[in-house]
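Engineer: Dropping a structure here in structure tokens format, bear with me for questions.
The values are calculated or read from the model by the stated rules, or taken from the named source; none is laboratory data. None of the values given here were measured: they were computed from a predicted structure. Methodologically, a virtual Cβ is constructed for each residue, glycine included, from the backbone with ideal geometry; neighbour enumeration extends over all protein chains shown.
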Amino acid sequence: MRFEKPKSAQLVGEGAYKKVFHSSSEQPDRVWAEFKHPYTPQQAKSVYYLNNIIHVLFPERTVKINQSGVDKDDQAYLQSEYISPAADSVHRSIQTETVSNDGQPLEDSISLAQRGASLESSEEINSFLDAYEEAGLRENFAAVHTWGPQDVIYDTEGNFRFVDVDPAWEEPEEILEDGYTEACLRFSPQKLQLAIERLDGDRREKAQNLYNRLMDLCREVGFAV
């Protein structure tokens, strides 16, 4: 598949790691994201595998990735389902601020502070993050990237959706050679496998197939998994 962002696509969100575009004229409704960092083709491909495993585990709380990769200009990208912020005025305000500030939240952002406070006190959010971590999906995460209030959207039905999407590994600036795999991976292979084994039927089969491909990709680039 080739990455072809529609000419009608408009910038609707920007963070430290990516720019997000949406076109209201396209069906089905999707978003196109361009990563700001120069990821390898393998890293870009890992976006599809890891984040779709996450979507199988948490289908009501995350986003489905349709494709990811690197285009002919070495631009890392992804295409995913569109989660409309139409019912989430706080998120729309955060989006407006970050787009106007080169992807960075405003230091005195009332919207960001408001969303952050509501997330800290939300039992639903904290329960999800506990399950997310139990599945091995936050191991060493803060060392390379931290998610924030801007990464949660409340959809038109009032459900929160965690929309932070990144590659399966990153390379921190300073790591010890014997801790390379552990330091780089954004997930624990062992914990993620256990989480998949707790699924039933088709969901388990789908997640396992994605996991196997992700492991092959990790080994291809030299990780000891």
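Engineer: Given the condition surrounded by 19 or more Cβ atoms within 10 Å (Cβ to Cβ) and at pLDDT 85 or above, answer yes or no: does some residue in the range 169-178 qualify?
Structural biologist: Yes; the residues of the range 169-178 include at least one that is surrounded by 19 or more Cβ atoms within 10 Å (Cβ to Cβ) and at pLDDT 85 or above.
Engineer: Let me ask something else. Name the residues in the range 18-39 that are hydroxyl-bearing (S, T, Y) and surrounded by 15 or more Cβ atoms within 10 Å (Cβ to Cβ), would you?
Structural biologist: S23, Y39
Engineer: Does G201 satisfy being at pLDDT 90 or above and either surrounded by 15 or more Cβ atoms within 10 Å (Cβ to Cβ) or of a type in the set (D, E) (or both)?
Structural biologist: no
Engineer: On to the next question. Within the range 64-76, count every residue that is in contact (Cβ under 8 Å) with a residue 40 or more places away in the chain, buried (at least 22 other Cβ atoms within 10 Å of the Cβ) and closer than 30 Å to G158 by Cβ.
Structural biologist: Total satisfying the criteria: 0.
Engineer: Could you say whether any residue in the range 44-63 is in a strand (DSSP E or B), in contact (Cβ under 8 Å) with a residue 40 or more places away in the chain, surrounded by 14 or more Cβ atoms within 10 Å (Cβ to Cβ) and out of contact with any His (no Cβ under 9 Å at 6 or more places or on another chain)?
Structural biologist: No, that holds for no residue.
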